[in-house]
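Nothing in this text is a laboratory measurement; each read-out follows from the coordinates by a stated rule. Just so it is clear, the model here is predicted, and its values are computed rather than measured. As a convention, Cβ positions derive from the backbone with ideal geometry for all residues, glycine included, and neighbour counts pool all protein chains shown.
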Amino acid sequence: RDGAVVVMVGSPDYSDARIDGAVNAAVALRQPGSALKPFTYAAAFARGLTPATMMIDVETSFMTREGAPYVPVNYDYRFHGPVLLRQALACSYNVVAVKVLDRIGISALTGLASDLGITTLDRAESAGLALTLGSGEVRLLELTAAYGALATGGYRVTPYIIREVTTEDGTVLYRAPSPRRERVLDERIAYLITDILADPLARAPAFGEGSVLDAGLPAAVKTGTTTEWRDNWTVGYTTRYVVGVWVGNHDNEPMRGISGVDGAAPIWRGMIRDLHPTRPPGFARPDGLVEVE
């Protein structure tokens, strides 16, 4: 909640030059894939769309600024017809995500990302509509903190590594400043995104029932996979902790058919369960939401 980094593993072996072990991958720039999609939908909900908005998942061509057609495809290379945005986000359908970004504008996504502490997408508009599919670059630490803002109900989370430095006799040389409580997202929108990402039934059409994303406790989670499996992501949170995982090769070589749910998700699930020896409370629903048939 206050941005304190409990643990950071930036490399499996700092001293191993063969894997550039001294490079901290937690602050390196990588493409996030679908792990960026929740913020596209959050920006869309702030502009009048809802989880119950229906869009058509069919082959669609978008014109780029260069005048060339851009035709996104889904991860499963299928189209799913009319879907609600709740299902589209939970199942990570690419075509609908691009349609949503096309509806709200790229600046809506980059503006929200900046408000949430992601500092690397301010020049990413050149990526076009593919930005919602993760064609820009982010840092794992900043992306994880942005998910932390969803967990806190819309308050920006600024990570800090060192809480305090003292001398041997206890004299305080440095103490981390108290975090500012700055709301950057409506708590109802943060809850809607959380409710979608925490719903095993909503993602079951894409991930199946009882998948590795089901941690056995109240947790919201999203995966991401980039082209040729170069980057795996899983970021998720409870009311107590947010955990972000990136998996990949130091030299940017593709992995062998390893998606976010295969590579990063098992690590995320193990961490989130170990962090909670007792079951955390669920996500509290804020006032001001209505359910309509």
- Message: Contact order normalised by length for the chain, with contacts defined as Cα pairs under 8 Å and 6 or more residues apart; what percent is it?
- Response: 19 percent
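Just how many % of Cα pairs in the chain lie over 32 Å apart, if you round to the nearest whole percent? Write down the numbers at each step before the final one.
Numbers: 9968 of 42778 pairs.
Percent of Cα pairs beyond 32 Å in the chain: 23.
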- Place a label point 7 angstrom from the Cα of ASP20 along the Cα-to-Cβ direction, then list the residues of region 98-129 whose backbone nitrogen is under 19 Å away. 120
- Could you give me the radius of gyration and the Dmax of region 1-82, taking only the C-alpha atoms into account and expressing both in angstrom? 19.7, 52
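What is the packing order of peptides 12-21, 160-169, taking the mean over residues of other C-beta atoms within 10 Å and listing the highest first?
The peptides rank, most packed first, as 12-21, 160-169.
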- What is region 39-187 by shape, rounded, prolate or oblate, if you read a ≥ b ≥ c off the alpha carbon gyration tensor as root eigenvalues and call it rounded for a/c under 1.5, prolate for a/b larger than b/c, and oblate otherwise? prolate
- Task: Name the most mobile residue of VAL221, VAL157, VAL247, meaning the one with the largest mean-square fluctuation, in a Gaussian network model of the chain with Cα contacts below 10 Å.
- Result: VAL247
- Note on the structure: Mean projected area (nm²) from the convex hull of Cα positions in region 117-251 is 11.8 nm²
- First check a/c for region 206-293, with a ≥ b ≥ c the square roots of the eigenvalues of its C-alpha gyration tensor; if it is under 1.5, answer rounded, and if not, answer prolate when a/b is larger than b/c or oblate otherwise. prolate
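What FRET efficiency, computed as 1/(1 + (r/R0)^6) with R0 = 41 Å and r the Cβ-Cβ distance, is obtained for GLU228 and ASP2, rounded to the nearest 0.05? Mind dumping the intermediate values first?
On the way: r = 38 Å, r/R0 = 0.93.
Given R0 = 41 Å and the Cβ-Cβ separation, E is 0.60.
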- Taking placed amide H atoms and a strict 5 Å upper bound, the residues 5 or more places from THR50 or on another chain that come that close are none
- Message: List the residues, sorted by chain then number, that are 5 or more residues from PHE62 or on another chain and whose placed amide H is less than 5 Å from its amide H.
- Response: TYR70, VAL71
